Amino acid sequence: QVQLVESGGGLVQAGGSLRLSCVASISDFRSYRMGWYRQAPGKQRELVARITSEGRTMYADSVTGRFIIFRINNKNTVYLQMNSLKPEDTAVYYCVAGTSDIWSSWGQGTQVTVSS
């Protein structure tokens, strides 16, 4: 069973930066596509960024130019570097993993709060 453990969330002022980490208990991590979702109170869950097994990335329009997703395969870890944070980035951020079109595994989430 795949386990995903996120860390790095917290409270930051607008304009600041945070880096989220997700360590995956996957034996063939490099074959998985990884991603980050977020959910703010009263809003739908949103795919923020994803990275394929080949390293291709995709970002939501709302974070393009501010967030960077990257992975280090020999550490079984995917990261989300978040810069120029805005209050509207406040949400619980979830790490996800999958090998097809389905995100088969989800982490427990880490809270990110951006104060104005």
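Take every Cα pair under 8 Å in segment 43-116 that's 6+ residues apart, average their separations, divide by the length, and report that relative contact order as a whole percent. All intermediate terms of the calculation are to be shown ahead of the outcome.
Numbers: 94 pairs, mean separation 15.0, N = 74.
Result for segment 43-116 is 20 percent.
In the context of the full set of protein chains, segment 1-109 has a per residue accessible area of 54 Å² (1.4 Å probe). Principal axis analysis of the Cα atoms in the chain yields extents of 41, 25, 23 Å, listed in decreasing size. When both segment 88-116 and segment 1-57 are represented by their alpha-carbon centers, they are found 5 Å apart.
The values are calculated or read from the model by the stated rules, or taken from the named source; none is laboratory data. Remember, predicted model here, so these are calculated numbers, not experimental data. Heads up: the accessible areas ignore ligands, DNA and RNA and are worked out on the full protein's heavy atoms, side chains in. Shrake-Rupley method; radii C 1.70, N 1.55, O 1.52, S 1.80 Å.
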